[in-house]
Every structure is written in structure tokens, then in C-alpha cells.
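What follows is a set of notes on a single structure, which appears directly below.
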Amino acid sequence: MDENKPKKLIRRLSLIFFLLLNALVLTACSQATSKPEITIKTQEAGLAAGDVTISADVANFELVDQEGEQNNPGKGHIIYYMDVPVPKYYEHTAISKPGTYGIASNTSYTWKGVTPGEHTFSVQLVNNNDSPLPAPAINSKTVNVGPPAGKPDILIVTPAEGAQLGPGTIALSVKINNFVISKDDMGVVNRKGEGHLIYYLDENPPVDPGVPALTDRSFVSTDLNRLWKDVSEGKHTFSVQLVNNDDTPLDVPVVVTMPIDLQAQ
């Protein structure tokens, strides 16, 4: 009888056990690394208020434009969030309140009119029906968004310069550059590059530093359009000023004025 036979058998069994254990470990690792993942890759340095694009990296998940269709494991889209907790309850919708989310089947999304200051941007991989994955795939990043690049200015779009108009209702519309108009932050602490508009008719817009640029007849607004009603015949001056959240002029006042001679047609 071979006295070494039991030892050889034990060694073989040990080797088989080791190989099986190693296979299980590798399988577990493979399964762990195959989980869907998403990571925000947008760098916080240099972000300016206005249009802010958030980009993400996606792994182990196929992005498809099939929102509202039947769920397909391993496929879906991205929900982008700004300044809101991320809904992550399985089999419930991952859509947050209006204005705080965007849905896309690609790896970037542009937020319009982002105000200066601290913001938290988040992303989540979701099923076709907008529900979170069984193991939620979420990533968030808090960044400090700076003021818009460039000097703020106003352009009166209508009426066109030299337009011949009659008395009555005058529609004024403007275009704003390098400045964020914010309704939510009116009256809140000032932030450079953010504020609203004040419209004037036949007045000199106040521009004293630190003093609200309001008059008895001025009109405060976040709308880029203003209807002046019952404007009489004759010469008039229409003005618009960009102001801070507290109605005070900017450090360098930004005012545009258009004289119009209204004549009966």
C-alpha cells in the first residue's frame, strides 16, 4: 500500500478547494464591478452662472431613449438634479419637483439660468419608467458657481430704433447679456451677476450706490417684456436698468434708454 496516497489525496482536495474558492471570489468581484455606476465629471473650478453643463461618466449601464416604455434590466436613462434631495425609493418615481430635475439619455445636461453661489448637482441612473435601480446609482457634487463671465448689459430689442409708433400701448422687450435674472432671489442677499430689472417711463433712472433705484412710477420685474398702456402722443423716454436683488444699482450702473416720438397714424 502506498503510504503517500492519503497525503496526495488531501493535497488534491486542498487544491480543488482553493480553486473553487478563488473562482467564487473572482465571480463576486466581477459581479461587484458590473454594478451600474455614474459619476459627475464636471469640475467645479471656473463654473460661471447662466448656462451650466453637467457631464457624467456611466459604467455598466446602457443609456437608451425609451422613457415611458417597459423596463429593460441594465438599460435606462439619467435624471439630473439641482439643489434637491435625490428620490431613491425603489419602484417609486425618481422625479423631483418641477424645475429641479432634467431627464436625458446622454451624458450631459445643461441647466439654464443658474444663479451665482453654492449649488448641489446630482445624477441618478434610472429605469425607463423613471424609477431608481434596485441598487441606486447616484452621485452628487456641491460647487460654488461664480458670476457670469463678461460685463452685464441690456439691449432693447423692440421697438426697433427709429420705429414709427402711435400712442396707446407700447410693447418693450429687452435682451440681457452676462447677467442672471432671478425671480426666486428678489429681496434676498445680493450676489454679483444676479438680480432683476426696473422699467421707467419719462424718468431718469436713479443710480446712487446702495440706494434702491425705485421711483413712484417705476416697475420692478423679472420679465424681459413690458407693456406700457395708454401712452400719450408726443416724445417719451423708455428706460431699463439692471439692479441687484435688493433693487440697488450695480457697482457700475447698467441702464439703457430709448427716446420715442409717438405720432398719431
Looking at (1) open to solvent by less than 70 Å² (accessible area, probe 1.4 Å); (2) of a type outside the set (Ser, Thr, Tyr); (3) under 26 Å from Val114 (Cα atoms), find the lone condition where Gly168 falls short.
(3)
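Tell me the residue from Gly162, Gly150 that is more than 30 Å from Lys229 (Cα to Cα) and in a loop (DSSP other than H, G, I, E, B), please.
When all the criteria are applied, what remains is Gly150.
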Among residues belonging to region 45-61 that are small (Gly, Ala, Ser) and outside any loop (DSSP other than H, G, I, E, B), point out the one that is surrounded by the fewest Cβ atoms within 10 Å (Cβ to Cβ).
Ala59
For region 91-110, does any single residue satisfy the condition of being over 17 Å from the mean Cα position of the chain (by Cα) and surrounded by 13 or more Cβ atoms within 10 Å (Cβ to Cβ)?
yes
Matching residues in region 137-161 (surrounded by 17 or more Cβ atoms within 10 Å (Cβ to Cβ) and more than 18 Å from the chain's Cα centre (by Cα)) number 4
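Do we find a residue being part of a strand (DSSP E or B) and either on the phi > 0 side of the Ramachandran plot or open to solvent by 50 Å² or more (accessible area, probe 1.4 Å) (or both) anywhere in region 245-252?
yes
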Test: Val64 is in contact with a Phe, Trp or Tyr (Cβ under 8 Å, 6 or more places away or on another chain) and surrounded by fewer than 16 Cβ atoms within 10 Å (Cβ to Cβ):
no
For region 196-217, indicate whether the set of residues that are closer than 30 Å to Thr120 by Cα, out of contact with any Asp or Glu (no Cβ under 7 Å at 6 or more places or on another chain) and without any contact (Cβ under 8 Å) to a residue 60 or more places away in the chain is non-empty.
yes
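The values are calculated or read from the model by the stated rules, or taken from the named source; none is laboratory data. Source: prediction; values computed, not measured. Here Cβ is always computed from backbone atoms with ideal geometry, including for glycine, and neighbour counts include all displayed protein chains. Surface accessibility is based on the protein's heavy atoms, side chains included, excluding ligands, DNA and RNA. Shrake-Rupley method; radii C 1.70, N 1.55, O 1.52, S 1.80 Å.
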